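Enquirer: Below is the structure I would like to discuss, written out as structure tokens.
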Amino acid sequence: MKKNSFWYVTLVFGTGIFMASYRVVGKNKRSKNLKAEEDAAKETKGGTGTSEQTYADFSDLNDDYDIIIVGASGAGMTAAIEAKDAGLNPVILEKMPFAGGNTVKSSSGMNASTTKFQEAEGIEDSNDAFYEEILAGGHGTNDKALLRYFVGHSAAAIDWLDQKGIKLNNLTITGGMKQKRTHRPSDGSAIGSYLIKGLLKAVHKRNIPILVNAAVTAINKNEGKVDQVTVGISGEEPKILTAKAIIVATGGFGASKEMIEKFRPELKGYISTNQKGSTGDGIKMIEKLGGQAIDMEQIQIHPTVQQDEGILIGEVVRGEGAILVNQAGSRFVNELDTRDKVSAAITGLPEKSAYLIFDQGVRDRAKAIEFYDKKGYVSSGKDLKELAEKLNIPGSQLAKTVVAWNQSVADKRDKEFNRTTAMEDGLTKPDYFAIKIAPGIHYTMGGIKVNTRTEVLNKENQPIEGLYVAGELAGGLHGNNRIGGNSVAEIIVFGRQAGQQAAEYVKNQY
């Protein structure tokens, strides 16, 4: 078998957990099935069945496009769809051998307020309430203009996805929220690969070319306008492509040990949940053009990460009723407090780790658990005594803790830690389960400074003409702590805005 041609066998887990199988059209139109990066595959759980996707042939690459999108992330593909629908000719360049970026690893869902799906369930919400809870979660340090735009366009983003067959009508809750705003697929599965599958389908329907293994190594400016990229393609000489506008959606730097240690040296050695392509390329290239990098020290630690392989145990598990216990079998924190506070509570334990405890009811509602079980992360017991024995924690204390929790659920009042959400169902349905977790590097809140039009701002806070940014690459929206479910919303809200604004710029300038 040749080095550049091999098969990736898709994994189909439980009730519709899937891995997308990608086919690349190589030179001479030979078909390639690319093996997805291992740690991206570990979190690809949403959707149903398998989906064969095609990528463009390098020989078909043009020298000029209306808009070049750097990064086939959720934000990049969303921007491309909007640009194409505006009548322009975009191309997407991706350095990894597959599309999706960190988006494919997203687990819990997409936050939005005042949506039609909330209304259908009788959930009374408001944009102001959503705004205030995000602001509180970010400790008041969020860019308020970006935040207001984000909140005000979140419901429209849900509708936009729905129009493309990406229906997120199953609601749950994440830490720091007081309402069910987290939208996910109807079967309760993880959102990441379900979203990417739908966006890829929309991209291919519009004949938008995506090139993979195509690393952009420089973004260039001529006569004050950003209008070129240098792209390196395996086995080929670097090529300069010209565009009338450039959108960068390369994600954060959570997989860059060098950058993590530079901005937060105390995090050296922490495991990361990020796909290995999240190395801050966009930040470095845009800084060379005069763009600002802000809040770079604001790196989010997620409280529930499986430590052997760096797999995020999604917030949906707690959102559907799980509790956290220490090695003594006792609760020690409000499980749905903000991520920074829950992470600090776990790190403060002698073992610096804890256990998620849940029952069959939680498992039935949080379909991602089937994936965790297949990976071997889940311990089980027919009753709490058997589970405690497997965890080597005191069975009597674990039973006492669960009884007390169930009473709190019945009373709708958590006297110990003031938890107020995800208390609809107690832990009463055998079997019982546990996953051992500890904090890990998850998200970089800092990044490139942009305005609400997604234009990159220079050090004088003026737009750099022709340059736009969307997704985790942009800094400021989340302040110093991101609420779970907001990153997927950011991808769609600001991905749409980048595509629309870049298209408007091109039409007005050319």
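Enquirer: Based on the Kirkwood radius over alpha-carbon pairs, what is the Stokes-Einstein translational diffusion coefficient of segment 297-348 at 37 °C with 0.692 mPa s viscosity, in µm²/s?
Expert: On the way: Rh = 11.8 Å.
Value of D from the Cα-based Kirkwood radius: 279 µm²/s.
Enquirer: Give the Cα extents of segment 407-510 along the principal axes, in whole Å, largest first.
Expert: 65, 25, 24
Enquirer: Which order do Phe150, Phe332, Phe417 take by accessible area at a 1.4 Å probe, largest first?
Expert: Values: Phe150 0, Phe332 35, Phe417 60 Å².
The most accessible residue leads, giving Phe417, Phe332, Phe150.
Enquirer: Would you please classify the overall shape of segment 68-123 from the alpha carbon gyration tensor, given that a ≥ b ≥ c denote the square roots of the eigenvalues, rounded means a/c under 1.5, and beyond that prolate means a/b larger than b/c while oblate covers the rest? Spell out each step's value before the answer.
Expert: On the way: a/c = 4.88, a/b = 1.65, b/c = 2.95.
Oblate shape, in that a/c is at least 1.5 and b/c is the bigger or equal ratio.
Enquirer: Could you work out [θ]222 nm for the chain from helices alone, using -39500 (n - 2.57) per DSSP H run of at least four and dividing by all its residues? Round to the nearest 500 deg cm²/dmol.
Expert: Working: 16 runs with 155 residues, N = 510.
Theoretical 222 nm ellipticity from helices: -9000 deg cm²/dmol.
Enquirer: Convert each backbone phi in segment 176-186 into a coupling constant with the Karplus relation 6.51 cos²θ - 1.76 cosθ + 1.60 (shift: θ = phi - 60°), then list the ³J(HN,Hα) values in order as whole Hz, x for Gly and Pro.
Expert: Running phi through 6.51 cos²θ - 1.76 cosθ + 1.60 with θ = phi - 60° gives x, 9, 10, 10, 6, 10, 8, 8, 9, x, 4 Hz.
Enquirer: Among DSSP bridges having both ends in the chain, what percentage is antiparallel? Round to the nearest 5.
Expert: For the chain, the DSSP antiparallel bridge percentage is about 70.
Enquirer: Something else now. Using only the Cα atoms of segment 148-203, build the gyration tensor, take square roots of its eigenvalues as a ≥ b ≥ c, and label the shape rounded, prolate or oblate: rounded if a/c is under 1.5, else prolate if a/b is larger than b/c, else oblate. Intermediate values should be presented prior to the final figure.
Expert: Values: a/c = 2.20, a/b = 1.31, b/c = 1.68.
Oblate.
Enquirer: Which ³J(HN,Hα) values, rounded to whole Hz and listed in residue order, are derived for segment 324-341 from phi using the Karplus coefficients 6.51, -1.76 and 1.60 in 6.51 cos²θ - 1.76 cosθ + 1.60 with θ = phi - 60°, glycine and proline given as x?
Expert: Using θ = phi - 60°, the values come out as 10, 10, 8, 5, 8, x, 10, 5, 9, 6, 6, 4, 10, 6, 5, 4, 5, 6 Hz.
Enquirer: Spin-label point model (7 Å from Cα, Cβ direction): what's the Lys257 to Gln509 distance in nm?
Expert: 4.0
Enquirer: Give me the log10 of I(q) over I(0) for the chain at q = 0.07, 0.12 Å⁻¹, as the Debye formula computes it from C-alpha points; what are the numbers?
Expert: Ignoring solvent entirely, the Cα scatterers give -0.36, -1.05.
Enquirer: With all protein chains present, calculate the accessible area of Glu121 using a 1.4 Å probe and round the result to the nearest 10 Å².
Expert: Rounded to the nearest 10, that gives 100 Å².
Enquirer: Let me ask another. Restricting attention to segment 265-307, which GluC sites (Glu not before Pro) occupy a DSSP loop and are surrounded by at most 15 other Cβ atoms within 10 Å?
Expert: Glu297
Enquirer: Among the listed pairs Lys116/Lys341; Lys352/Lys429; Lys374/Lys400; Lys167/Lys205, which have their C-alpha atoms separated by more than 27 angstrom in this model? Please report the intermediate quantities before stating the final value.
Expert: Values: Lys116/Lys341 32 Å; Lys352/Lys429 29 Å; Lys374/Lys400 29 Å; Lys167/Lys205 18 Å.
In this structure, Lys116/Lys341; Lys352/Lys429; Lys374/Lys400 lie more than 27 Å apart at Cα.
Enquirer: List every residue whose amide H lies under 5 Å from the amide H of Gly188, counting only residues 5 or more places away in sequence or on a different chain, with H placed 1.01 Å from N in the peptide plane.
Expert: none
Enquirer: So what's segment 363-429 giving for Cα Rg divided by 2.2 N^0.38 Å, two decimals?
Expert: Details: Rg = 13.5 Å, N = 67, 2.2 N^0.38 = 10.9 Å.
Its radius of gyration relative to the 2.2 N^0.38 Å reference: 1.25.
Enquirer: Sticking with this structure for a sec: I need the phi-derived Karplus couplings for segment 474-484: 6.51 cos²θ - 1.76 cosθ + 1.60, θ = phi - 60°, integer Hz, Gly and Pro marked x.
Expert: Whole-Hz 3J(HN,Hα) from phi for segment 474-484: 7, x, x, 4, 8, x, 9, 7, 8, 7, x.
Enquirer: Taking Cα pairs under 8 Å and at least six residues apart, what relative contact order does the chain come out at, in percent?
Expert: Details: 1250 pairs, mean separation 108.1, N = 510.
Relative contact order here is 21 percent.
Enquirer: Another question, if that's okay. Given H placed on each backbone N at 1.01 Å, which residues far from Thr141 in sequence or on other chains put an amide H within less than 5 Å of it?
Expert: The answer is Asn480.
Enquirer: Could you name the aspartates and glutamates whose alpha carbon sits less than 18 Å from that of Lys276, not counting residues in the same chain fewer than 8 places away?
Expert: Within reach: Glu37, Glu38, Asp39, Glu43, Glu94, Glu258, Glu261, Asp308, Glu309, Glu472.
Enquirer: Give the long-range amide H neighbours of Ile323: residues separated by 5 or more places, or on another chain, with amide H under 5 Å away, using H modelled in the peptide plane at 1.01 Å from N.
Expert: Ile357
Enquirer: Related question: Helix 74-85 sits at what angle to the longest principal axis of the chain, using alpha carbons and giving 0 to 90 degrees rounded to 10?
Expert: Tilt relative to the chain: about 40 degrees.
Enquirer: Still on this structure: Among rounded, prolate and oblate, which fits segment 192-280 when a ≥ b ≥ c are the square roots of the eigenvalues of its C-alpha gyration tensor, a/c under 1.5 means rounded, and a/b larger than b/c means prolate? Each step should come with its number before you reach the end.
Expert: On the way: a/c = 2.11, a/b = 1.29, b/c = 1.63.
Oblate is the answer for segment 192-280, as a/c is 1.5 or above yet b/c matches or exceeds a/b.
The values are calculated or read from the model by the stated rules, or taken from the named source; none is laboratory data. Small disclaimer: the values here were computed from a predicted structure and weren't measured. Please note: Cβ atoms are built from the backbone with ideal geometry, for glycine as well, and neighbour counts cover all protein chains shown. The accessibility values were calculated without ligands, DNA or RNA, using every heavy atom of the protein model including side chains. Shrake-Rupley method; radii C 1.70, N 1.55, O 1.52, S 1.80 Å.
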